[in-house]
1. In the stretch 1-50, which residue that is in contact with a His (Cβ under 7 Å, 6 or more places away or on another chain) and modelled with pLDDT under 90 is nearest to Ile65 (Cα to Cα)?
2. Would you please list the contacts, defined by Cβ atoms under 9 Å and residues six or more apart or on different chains, that run from a residue in the stretch 14-30 that is under 20 Å from Thr41 (Cβ atoms) to a residue that is among the aromatic types (Phe, Trp, Tyr) and outside any loop (DSSP other than H, G, I, E, B)?
3. Out of the stretch 35-51, which residues are surrounded by fewer than 18 Cβ atoms within 10 Å (Cβ to Cβ) and polar (S, T, N, Q)?
Amino acid sequence: MIELEHVYKQFGGRQVLSDVSFEIRRGETFVIIGRSGVGKTVILKHISGLLDPDRGSVSIDGTTISHSSNSIFMALLAAEVEYPSMGGVMAANSQELMCGTRQITPLPRW
């Protein structure tokens with residue numbers, strides 16, 4: 001399960017995430033939709049451990065994720081790439097796109 005609890009993030013005085021909380025259970029499909037600049041990518045960067053929340057927590061299967069941790073969770077993430085000219089979002093699963101600089105272990109299906 002992926003869980004965000006009361007996550008806050010600010011950049012240069014601009015509040016991007018304010019009290020964001022949700023959970024995604026194994027096997028569920030979860031979609032983040034919003035206008036440009038509202039924090040969708042910032043949420044994904046928190047889940048991958050690329051950013052730490054100013055307040056709150058992010059965990060995967062009960063393990064807290066942080067930028068300073070040496071987790072392999074980045075390798076488990078699916079990535080979404082936006083193509084504005086196509087008018088939509090193309091998703092790549094973890095077997096098609098490797099997040100990070102090296103493959104640590106064969107990627108399990110989450």
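The values are calculated or read from the model by the stated rules, or taken from the named source; none is laboratory data. Quantities reported herein were computed from a predicted structural model and do not represent experimental measurements. Neighbour counts run over all protein chains shown; Cβ positions are idealised from the backbone, glycine included.
1. Gly49
2. Qualifying pairs under 9 Å: Gln15/Tyr8; Val16/Tyr8; Leu17/Tyr8; Ser18/Tyr8; Asp19/Tyr8; Val20/Tyr8; Phe30/Phe22.
3. Those that are surrounded by fewer than 18 Cβ atoms within 10 Å (Cβ to Cβ) and polar (S, T, N, Q): Ser36, Thr41.
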